[in-house]
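Accompanying notes for the structure given below.
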Amino acid sequence: MTGPGPLVLLLSGPNLDLLGERQPEVYGKRTLDELAQDAAEEASGLGLSLEHHQTNHEGELVELVHGARGRAQAIVVNAGALSHYSWTLHDALAAFEGVVVELHLTNPAAREPWRHTSVVAPVADGVVAGFGPLGYRLAVVAVARLLADTGR
């Protein structure tokens, strides 16, 4: 899913590979592949390229962030439950010099108390949450605007 423009890395964390099957009443019926395709279409329309990776392993997610340094201009990350406790992901994203947008299908603040705090948010430029599948497109639009506004 690459194109000619600045690279946006879309990262998906644990259990997101089960979208469409796992708790569809909470997360919807669309698959992760469909959501990543939405993001890629939006990116293409905005002159960006997009690369998507999903992993169920925290260390692999950290490695993907490390690999984005000097290669990608932005990261959109839906880290799933790792958003709430992965200080290793926090530290990796803090070392990334591009735009970072945290993404959630649901609104964590309206869910269980343990989801109310994100350790990713302090190192993100912004958070897109609670918009369901539309959030993937909104996150890419946010990246495009932030890249344009900051000249990164």
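Modelled spin labels at E34 and Y85, positioned 7 Å past Cα toward Cβ, are 3.1 nm from each other. Taken over the alpha carbons of segment 20-97 as equal point scatterers, the Debye sum produces base-10 log I(q)/I(0) values at 0.15, 0.24, 0.26 Å⁻¹ of -0.63, -1.22, -1.27. Hydrophobic, long helices, defined as DSSP H runs whose alpha-carbon span along the helix axis is 15 Å or greater and whose mean Kyte-Doolittle value is at least 0.0, occur in the chain at 58-68, 134-150.
Near L64, once Lys and Arg are set to +1 and Asp and Glu to -1 for all other residues with Cβ below 13 Å from its Cβ, the sum equals -2.
The label point for E112 and the one for D149, both projected 7 Å from the Cα toward the Cβ, are 3.4 nm apart.
For segment 13-106, GluC sites (Glu not before Pro) are listed when DSSP marks them as loop and at most 12 other Cβ atoms sit within 10 Å of their Cβ; the list is E21, E97. Positive contributions from Lys and Arg (+1) and negative ones from Asp and Glu (-1), summed over other residues with Cβ under 14 Å from the Cβ of R137, come out at -2. Distance between the 7 Å Cα→Cβ label points at L134 and E41: 1.5 nm. With the convex hull of the Cα atoms taken as the outline of the chain, the averaged projected area works out to 7.8 nm². By the helix-only formula, in which each DSSP H run with n ≥ 4 contributes -39500 (n - 2.57) and the sum is divided by residues, the chain has a 222 nm mean residue ellipticity of -10500 deg cm²/dmol.
Between A121 and H66, what length in nm is gained on full extension when 0.36 nm per residue of separation is reduced by their alpha carbon distance?
Details: separation 55, 0.36 × 55 = 19.80 nm, distance 1.80 nm.
So the extension gain works out to 18.0 nm.
Read the figures in this text as sums done on the coordinates, not as results from a lab. None of the values given here were measured: they were computed from a predicted structure. No Cβ is skipped: glycine too gets one built from the backbone with ideal geometry, and neighbour counts run over all protein chains shown.
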